[in-house]
Amino acid sequence: MAAPLVLVVLIAVTVRAVLFRSSLAEFISERVEVVSPLNSWKRVVEGLSLLDLGISPYSGDLFHETPFIIYLFHFLIDYAELVFMILDALTAIALYLAVQDYNKAMFKKQKLQLELNQYAPDVAELIRTPLEMYYIPLKVAVFYLLNPYTVLACVAKSTCAINNTIIAFFILATVKGSAFLSAIFLALATFQSLYPLTLFAPALLYLLQREYIPVKVRCHNFWYYTSQYIVMYLGSLGVLVCLCFFLLHSWDFISSTYGFILSVPDLTPNIGLFWYFFAEMFEHFSLFFVCVFQINVFFYTIPLSVKLKEHPMFLMFVQIAIISIFKSYPTVGDVSLYMAFLPMWSHLYRFLRNIFIVSCVLVVCSLLFPVLWHLWIYAGSANSNFYYAITLSFNVGQILLISDYFYAYLRREYHLSHGLYLRRKDGTEATLVLK
């Protein structure tokens, strides 16, 4: 499978290189769907200029990335295009390896459950085969590298690509069972964009289940292992924060990055839910509703962790999707990361109810974003309501997509335990309802 992966990487790099040299590059880098005030490359360049002049990049209200980004590109500014192409390739390779290992583990688990007769007798159609799972890692890499959203984010040099790479390596470390590396990459992801904090629960659940802790000692080992992971995570996060302080000799970056993410002061239009709502709101209500909006990202973590405690990888996929929908400054680069995982759940297609309609909604909204932006900003024949309507439709489409996969996953698990063809007591066919 190495040769097809190399071929896909070469095609993806070629497409990006051509777009970097085309006249579209400047247009793409200006699109509000692709870059935000948080990850815009132009703001990184401005921050670098301030740093070269001996001025703190956080002294104004322009630069909101972490100090690591500005110091990274301080040395690699002339090779920025190459850096972003390499980051995309590394992300795809990390996802490829992670999915490959996960599929092996799932096949062993399925084989064990079959030997123990834990599945209902009439579910042979739902059992996954090695041939079916063989090409899934490659499909995941293709879905990431050749996704138009990923390509656009790379050509715009959005620093979202860096966040995606870190999260991909975090997933790889978690699947490989390395608690130390998993904690480090999760700390780095949290340090970069704050919201990956919600991935702590699925990572811990996956690592705990990978240890195969016996029932008699599970409680003791659970708290011991959990405390170890928390210490490694918080320790790594503390080291990163202190290192940035020693680089800048100031704590200004905390309010300029995390304060900016949480308070949402810049209401530049994007594909998120925040900007229009707070642009229209009275100032004295803003703090309350900022808290209400921000809590959406974190609120679902506990109930989802309880419901999907036996399926941490699917939980991780859902959490990444929730982050991309409800974060304060989302871009299409965030959407591309969770969409790369869709081939992993190809065995759920028979249970999906609205996949065609949802796919059409997402495609049409993606095409209408630049059209309605032009009508609003340049032609003057529309207003912000039109653009926000498409934003809402796009996010509703994402929510329906994740809800559909969530329903399909739970339904398949129920059928595996209770049989594919359900009957009522009177012998008539039963209908399964998700509550």
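Just checking, how many residues over segment 164-210 are under 18 Å from L97 (Cα atoms) and not hydrophobic (A, V, I, L, M, F, W, C)?
9
Pick from segment 138-162 the residues that are surrounded by fewer than 24 Cβ atoms within 10 Å (Cβ to Cβ) and not hydrophobic (A, V, I, L, M, F, W, C): which of them is farthest from the chain's Cα centre (by Cα)?
Within segment 138-162, the match that is farthest from the chain's Cα centre (by Cα) is K139.
Here is a yes/no grid of residues against (1) closer than 19 Å to S193 by Cα; (2) assigned to a helix (DSSP H, G or I):
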residue: S227; (1), (2): no, yes
residue: L243; (1), (2): yes, yes
residue: Y258; (1), (2): yes, yes
residue: L262; (1), (2): yes, yes
residue: D266; (1), (2): yes, no
residue: N270; (1), (2): yes, no
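If I filter segment 120-130 for residues that are part of a helix (DSSP H, G or I), surrounded by fewer than 17 Cβ atoms within 10 Å (Cβ to Cβ), free of Cβ contacts under 8 Å to residues at least 12 places away in the same chain and among the hydroxyl-bearing types (S, T, Y), do I get at least one hit?
Looking for residues that are part of a helix (DSSP H, G or I), surrounded by fewer than 17 Cβ atoms within 10 Å (Cβ to Cβ), free of Cβ contacts under 8 Å to residues at least 12 places away in the same chain and among the hydroxyl-bearing types (S, T, Y), one finds none in segment 120-130, hence no.
Can you confirm whether S328 is farther than 19 Å from L38 by Cβ and among the small types (G, A, S)?
Criteria not met by S328.
Can you name the helices (runs of 4 or more DSSP H) wholly within segment 1-107 that have at least 2 residues being among the basic types (K, R), surrounded by 14 or more Cβ atoms within 10 Å (Cβ to Cβ) and touching a Lys or Arg at 6+ places or on another chain (Cβ under 8 Å)?
Filter on segment 1-107 gives an empty set.
Consider F200 against the criteria (1) in contact with a helix residue (DSSP H, G or I) (Cβ under 6 Å, 6 or more places away or on another chain); (2) within 22 Å of A179 (Cβ to Cβ); (3) of a type in the set (F, W, Y): it satisfies all of them except one. Which criterion is unmet?
Every listed condition holds for F200 apart from (1).
Select, from F299, F326, F351, the only residue that is without any contact (Cβ under 8 Å) to a residue 24 or more places away in the chain and aromatic (F, W, Y).
Just one listed residue meets the conditions, F299.
Tally the residues that are loosely packed, with under 15 Cβ neighbours inside 10 Å and within 20 Å of T150 (Cβ to Cβ), restricting the search to segment 366-408.
Qualifying residue count for the region: 2.
List the pairs whose first member sits in segment 244-270 and is hydroxyl-bearing (S, T, Y), whose second member is assigned to a helix (DSSP H, G or I), and whose Cβ atoms are under 7 Å apart, counting only residues at least 6 apart or on separate chains?
Close Cβ pairs (under 7 Å, with a partner that is assigned to a helix (DSSP H, G or I)) amount to S263/V290; T268/W275.
FYI, it's all coordinate maths here, none of it is from the lab. In this text the structure is predicted, and so the values were computed from the model without any measurement. Note: ideal-geometry Cβ built from the backbone for every residue, glycine included; neighbour counts use all protein chains shown.
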